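Peer 1: This structure is in structure tokens; I'll ask about it shortly.
Derivation of every value follows stated rules applied to the coordinates shown; laboratory data play no part. Just so you know, these numbers come straight off a predicted model, no measurement behind them. No Cβ is skipped: glycine too gets one built from the backbone with ideal geometry, and neighbour counts run over all protein chains shown.
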Amino acid sequence: MFSSSGSVADSLSDPTIRVPSSQSGFSGQVASQLGRTRYGLLLFGVASQCVTIAITWPLWQVRQMPPHLPTFDLPQISFGWMLIASLVWVVIRPRSGMAVHWGVLIVAAIFDQFRLQPQFFSIALLMTACVWEAGHRIARWFLVSTWVWAGIHKLLSPDWFGYASHWLVERSGLDADATYMSFALVVALVELAVGVLAIFRPRWAAPACAAMHVGIALTISPLLVNWNESVLPWNLSVAVIGSWVLLTTKTWYPTFGWERLVCAAGLIAPVGFYGGLLDHGFSGVLYSASIPQGLITTKTSTLPIEGWGELHVPFPKERRTIRIYFEQVAKPGDKLHLADPRPWLSDAFYVLDSRQRAKEIDRDTFFDGLSVGSLDLLEVGESAGVQGREPPAVSGVGVDSRRSLFELQKAGVRMVRREKGQPIFAVEFTPENFDPSLLDHVARLPNLMQIQLAGTGVKDSDLSKLSQLRLLTGIGLDRTAITDEGIAHLKSLPFLQHIECEGTKVTAEAIARVIKDPYDGFE
């Protein structure tokens, strides 16, 4: 199918590693087709995939919760035993078996996008590298892309240099406050360096590959972080098979035209992550965060969109999968805040319509309505049925930015919740911890109702950063340099009722122009 002249196929089919044709055993016959090394590595990949599927077994079955994320509206079927059968086929007939395994894996992901977890597809690609020369070349560039972009994404991610790395270091039992920044930088640079080395000196990169992925496996194992066990087999398979791929790469540059396309795609396509064009799991976004988050508001509570549980995998957080999940679990009238920290993309707000479809709405419409739980307390449903009127909408609850929570906490800003697990509704600055840049983070707490800035160095222009806090009802500005000019920035806030401004130059007229009665026009 592909020419092997002057290629890696020469080393892969070296007769010195082939089993003599006189050997009549089944494994000997199969190994004689691929060579002992390749067949042994293939078996290692099969074992890794089997273990990964076993760890995540409920993911491959028909289930009720968490719901499937179907690409098409089709009846669900179980794929677990089909995947195991395809792996048995790989052991018996590697080439046709790999084709079948890829087919089952792709179809399973089409039936349920919850299965779009990169570890399954990466192990399958490493297995393919053991069977075909083309697979060997593709796997090499896939590894290059993964490492290069894992490093780049981390270097570009404020969240990696914030709560993400801090959490990893803290969970490892180390002094996170003192070491997380240096840890974040070293990890990003090492990944990028291994990726660049794998381009120009692939054989030199082989031991680095083994050391890095064994190190990752140890870090996430029960010995340290004890987290995401479903990627342990993948890391070990990369350490073993990935190192072999690099060791058996003869030339650093892509030889064939199709290989150059694969190389270009691997090095360029991950940019699409920032525009929502390529899933983060297939863009090299590994632990660097900066991915979408979703929060559903029902008439009685809020429901964060997360994975794990018995599935043992994270939710594949993409804009489309979050919407699909919302459509599967919500009821008409429920709302969704899709928070996206990527600079090229904006947050989105949805309400579920009567056809069980997510309808995009604007920010103001999202926050309009009665607070969560009010409908039950007022028994609106019953009264609405009697009067023949639609029940009033519930006010949506927004996602508090994890980045903002981390930065405000690090600065020592007091943040108050009504109950554990509830969003932040009040923050308090002191003269010692106030920094105008922190107001950018305050603006990403969309449910904030009160903010205390008394005695701080806040300026008129700083208050413009609070203009998106639609639910803000009160602000403390005593003993600050705020004037009428600063108060004017708060004019668009529909529920602002209290402004404390003793010891300032703010006039009563300016306050009167800003303060509103939230019950004006209420029926």
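Peer 1: Once you put a point 7 Å from the Cα of residue 76 and another 7 Å from the Cα of residue 92, both along the Cβ direction, what distance in nm separates them?
Peer 2: Here the answer is 3.0 nm between the modelled labels.
Peer 1: Once both axes come from the Cα atoms, what is the angle between helix 176-200 and the longest principal axis of the chain, in degrees from 0 to 90, rounded to 10?
Peer 2: Relative to the chain, helix 176-200 is tipped by roughly 40 degrees.
Peer 1: Then there is this: If I take R0 = 41 Å and measure r between the Cβ atoms of residue 50 and residue 264 in this structure, what FRET efficiency does the formula 1/(1 + (r/R0)^6) give, to the nearest 0.05? Spell out each step's value before the answer.
Peer 2: Numbers: r = 34 Å, r/R0 = 0.82.
For residue 50 and residue 264, the calculated efficiency is 0.75.
Peer 1: Once label points are set 7 Å from the Cα along Cα→Cβ at both residue 36 and residue 497, what is their separation, rounded to one decimal in nm?
Peer 2: In this crude label model, residue 36 to residue 497 measures out at 8.2 nm.
Peer 1: Can you tally the lysine pairs in the chain where the Cα-Cα distance is under 13 Å and the two residues are eight or more apart, or on different chains? Each step should come with its number before you reach the end.
Peer 2: On the way: 299/331; 299/335; 331/359; 335/359; 459/505; 465/491; 491/516.
Lysine pair count for the chain: 7.
Peer 1: Taking the structure as given and computing Rg and Dmax of the Cα atoms in Å, which label from (1) 26.6, 100; (2) 46.2, 174; (3) 27.9, 100 fits?
Peer 2: (3)
Peer 1: Using a 10 Å cut-off on Cβ atoms, rank the peptides 68-75, 265-272 from the highest mean neighbour count down.
Peer 2: On the way: 68-75: 12.6, 265-272: 15.5.
Descending mean neighbour count gives 265-272, 68-75.
Peer 1: Which one, 134, 220, 321, projects farthest toward the positive side of the charge dipole computed for the chain from Cβ point charges (K/R +1, D/E -1)?
Peer 2: Highest projection toward the positive end goes to 134.
Peer 1: Here's a follow-up. Averaging over every viewing direction, what projected area does the convex hull of the Cα atoms of region 233-278 cover, in nm²?
Peer 2: Numbers: hull surface 18.1 nm².
Computed as one quarter of the Cα hull surface, the answer is 4.5 nm².
Peer 1: 7 Å from Cα along Cα→Cβ at both residue 185 and residue 420: what's the point-to-point distance in nm?
Peer 2: 3.7
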